[in-house]
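Worksheet: one structure, shown below.
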Amino acid sequence: MSIQQRLAKLNPRQQEAVRYIDGPCLVLAGAGSGKTSVITTKIAYLVQECGLNARRIAAVTFTNKAAREMKERVGQMLKGKEGHGLTVSTFHTLGLNIIRGELKALGYKPGFSLFDPEDAKALLRDLMNKDAQVDAEQINTVQHAISQWKNDLVLPGEALSHAADDDEQYAARVYEAYGRHLKAYNAVDFDDLILLPVVLLQRDPEALARWRRKIHYMLVDEYQDTNVSQYLLVKLLMGERATFTVVGDDDQSIYAWRGARPENLVTLGEDFPRLRVIKLEQNYRSTGTILRAANTLIANNPHVYDKTLWSEMGQGVPIRVVVNRHEEAEAERVASEILTRRIKERAEWRDFAVLYRGNFQARLLELKLQHYQIPYKLSGGTSFFSRGEIKDAMAYLRLLINPADDNAFLRIVNVPRREIGPGTLEQLANYATERGVSLFAACHEMGLEQVLSTRAVERLGRFTHFIDGVRRRMDQGDALAAIRDMLREMDYEAWLYQNASAPTIAERRMANVWTLIDQLEKSMHRDPEEITDSEDTETEGVEAAISRLVLRDILEQQAEEDDSDRVQLLTMHASKGLEFPHVYLMGLEEELLPHRNAIEAGTVEEERRLAYVGITRARQTLTLTLARQRKAYGELMDCTPSRFLDELPVDDLEWEGRADKEDPDKKQARGQDAIAGLRSLLG
Ligand code: ATP
Ligand code: MG
């Protein structure tokens, strides 16, 4: 299909949004109105009609899944080399690319590590424990404060001078030390992926010019969820030219808790007076019934911009509300229904999505799906390789095959505890940076005694000596036995017990570690008949086997790439921008949706937007489920149906399994509606 034919398929407003390339453009519209379609078509338009090199275009969105979907849609439009070098990614990946390209300007060494939130928390714990014993909640509070500062582009000095009370001042001081340590470790955290590029582009005109030459046109999806730093990144990159298109829907802003600023929609108009605002009103995704439910629900929120969405998809079937005895019955119901509906409705597994408020809700459902042998894909859950104990064990394995792996070194040098604190590591990292050697190698250097205390040098020496010993044993003979002995000798198990909230948890974690080692063994003795991508013989060295495990780890993290035919399980947050023929929304109960914290914090509006996002993912059918009883905080509790159910159009809902407890007021109201309807019919 040519680009002209593609354009012709869009409605006039969408076409306008695609064609307008001379200045900043904002498409503001409700769910399913084709905002993402505008972005993908516009990319093709820029390349095929305007002759812009795809390398000069960057399209960003929020989740990996959304980025992948967008890539796929664009991939179908651009042929051959046309799409080469095009950036379609998350904001964070774009930031990561900028950091990679600007390591020198940023003062980082190659091979820098990216700390995940767990790594970051461990560092904070060490830093904070220096002064006084702190608990997990205090660490979380400080971590959250630091994250907010970074998202709002507040640097440590500023945070310190603006601190309103002692607590904030303390957090600001930790923020400062945390930043220094990250730098010493040659590491960045998740929020740095946006913050560092912004700070760099602000203070380094040459770097700014480099990136402006590189990116000529930017497109941003889900703009309502950008935070201050992300907005500044776009603004800096685009500069005076302001050649960008952003699309968003203020009713779908669901990341306020992560620093998202829906006001950025308004700021945009102020910062770019030439901004062209285009509104879309036709929904191409959902049936009339689903759309009406979404519109009615969101009408309960105050609005910046009023929108009216309509659809030509027909009314469709009513929305089902299924009440279950308890949470297990709810999971059972969803799983067994999907099993039968797949056949009845001639659907595929992938046509079904089950959405929920929190990942924990997926556990029971997973069991039920497994029971019925229904293939499913869990997004954002904790996979085997993202478990803490597996990451620890992997870090040991990585360090054994590559002592220069600083990231692995940092992860386990003090796990189990070896009394090697952040201060020591900071000095060690500085020393290693100066010498241009790895942390592990630095431990062996004589000069270290000049910068560290004798005790610290001894402790580091004991650790490297231990690792060296294991390496020697691996070289000499039975590598697996050496690894198993290592785990026993350092008493990792005892450490797990000390750090788990219950012995059974520690037990399971240790079992996971042994499973990993078993897998390693299996992968060393492969079936010679098996088709593989390497030419290794049936027995390969432990090194090759470990690197294959590492690769699997990485692939596992990218497992979302997999588009095989499976039921999709995801949180409402993760479902943004996606669509499915059949959607189940689970747990429509007070305290769950809206979430208890939101009720307490008075942020129910954001929960309503979340429900709006969930509902508008559905194309043909929507099923809402709830339980009458649910285990919470170890106790079986009675649940109240979500207030959002009351906000949906009564006549579009079909209740199942509701005990005869209908609110008498509502019954009466419905009766009166019917009477009024009859009267008007009769004239
Ligand atoms: P969300 O707010 O949920 O992200 P959106 O506004 O980005 O939604 P899209 O995902 O772009 O909406 O489009 C929703 C559906 O409508 C898609 O299946 C898309 O292919 C289809 N669509 C978009 N525009 C048109 C059009 N002009 N004609 C027919 N179908 C369209
Ligand atoms: Mg979209």
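The values are calculated or read from the model by the stated rules, or taken from the named source; none is laboratory data. Given the structure is predicted, the values throughout are model-derived calculations rather than measurements. Here Cβ is always computed from backbone atoms with ideal geometry, including for glycine, and neighbour counts include all displayed protein chains.
List of remarks:
- Cross-chain or 6+ apart pairs with Cβ under 8 Å, segment 39-66 first and more than 21 Å from LYS235 (Cβ to Cβ) and in a loop (DSSP other than H, G, I, E, B), then at pLDDT below 95 and within 16 Å of ligand 2 (Cβ to nearest atom): THR63/THR90; THR63/ALA574; THR63/LYS576; THR63/GLY577
- Candidate set from segment 602-632 (those that are of a type in the set (Gly, Ala, Ser) and either closer than 18 Å to VAL322 by Cβ or assigned to a loop (DSSP other than H, G, I, E, B) (or both)); member that is modelled with the lowest pLDDT: GLY602
A quick yes/no check of all residues on (1) more than 23 Å from GLN230 (Cβ to Cβ); (2) assigned to a helix (DSSP H, G or I):
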site	(1), (2)
VAL134	yes, no
ILE139	yes, yes
GLN143	no, yes
TRP149	no, yes
SER161	yes, yes
ASP167	yes, yes
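- Sole exception among (1) closer than 24 Å to GLU543 by Cβ; (2) hydroxyl-bearing (Ser, Thr, Tyr); (3) within 33 Å of the chain's Cα centre (by Cα) for THR464, by number: (3)
- Filter result (hydrophobic (A, V, I, L, M, F, W, C), closer than 25 Å to LEU425 by Cβ and free of Cβ contacts under 8 Å to residues at least 60 places away in the same chain) within segment 156-194: ALA159, LEU160, ALA171, ALA172, VAL174, ALA177
- Any hit, segment 412-419, residues being more than 32 Å from the chain's Cα centre (by Cα) and touching a residue at least 40 places away in the same chain (Cβ under 8 Å): yes
- Only residues that are touching a residue at least 60 places away in the same chain (Cβ under 8 Å) and outside any loop (DSSP other than H, G, I, E, B) were counted across segment 579-601, and they come to 8.
- Within segment 412-433, the presence of a residue that is buried (at least 21 other Cβ atoms within 10 Å of the Cβ), in a helix (DSSP H, G or I) and touching a Pro at 6+ places or on another chain (Cβ under 9 Å) is excluded.
- Test: residue in segment 639-660 that is surrounded by fewer than 15 Cβ atoms within 10 Å (Cβ to Cβ), within 28 Å of the chain's Cα centre (by Cα), of a type outside the set (Phe, Trp, Tyr) and assigned to a strand (DSSP E or B): no
- Count of segment 339-361 residues, restricted to those that are surrounded by 21 or more Cβ atoms within 10 Å (Cβ to Cβ) and among the hydroxyl-bearing types (Ser, Thr, Tyr), is 1.
- Set MET510, MET490: member being at pLDDT 75 or above, within 30 Å of GLY436 (Cβ to Cβ) and under 37 Å from the mean Cα position of the chain (by Cα): MET490
- Leading residue by the ranking (nearest to the chain's Cα centre (by Cα)) among those in segment 256-278 that are outside any helix (DSSP H, G or I) and more than 16 Å from VAL220 (Cα to Cα): GLY259
- Failed item, numbered, when ILE39 is tested on (1) away from ligand 2 (no atom under 16 Å from the Cβ); (2) surrounded by 17 or more Cβ atoms within 10 Å (Cβ to Cβ): (1)
- Matching residues, segment 331-366, being within 20 Å of GLU656 (Cβ to Cβ) and acidic (Asp, Glu): GLU332, GLU337, GLU345
Residue-wise test of (1) within 16 Å of ligand 2 (Cβ to nearest atom); (2) of a type in the set (Asp, Glu); (3) assigned by the TED database to the domain that holds VAL604.
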| position | (1), (2), (3) |
| --- | --- |
| PRO205 | no, no, no |
| GLU222 | yes, yes, no |
| LEU233 | no, no, no |
| MET238 | no, no, no |
| GLN252 | yes, no, no |
| GLY269 | no, no, no |
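- Residue within segment 201-219 that is touching a strand residue (DSSP E or B) at 6+ places or on another chain (Cβ under 6 Å) and within 16 Å of ligand 1 (Cβ to nearest atom) present: yes
- Hits in segment 197-254 (condition: among the charged types (D, E, K, R), over 20 Å from VAL27 (Cβ atoms) and modelled with pLDDT under 90): GLU240
- Residues satisfying the stated conditions in segment 362-379, i.e. polar (S, T, N, Q) and surrounded by 13 or more Cβ atoms within 10 Å (Cβ to Cβ): SER379
- Residues that are in contact with a strand residue (DSSP E or B) (Cβ under 8 Å, 6 or more places away or on another chain), within 16 Å of ligand 1 (Cβ to nearest atom) and among the polar types (S, T, N, Q) within segment 66-122 comprise just one, THR90.
Okay, residues lined up against (1) away from ligand 1 (no atom under 11 Å from the Cβ); (2) not aromatic (Phe, Trp, Tyr):
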| site | (1), (2) |
| --- | --- |
| ASP22 | yes, yes |
| ILE39 | no, yes |
| TYR45 | yes, no |
| CYS50 | yes, yes |
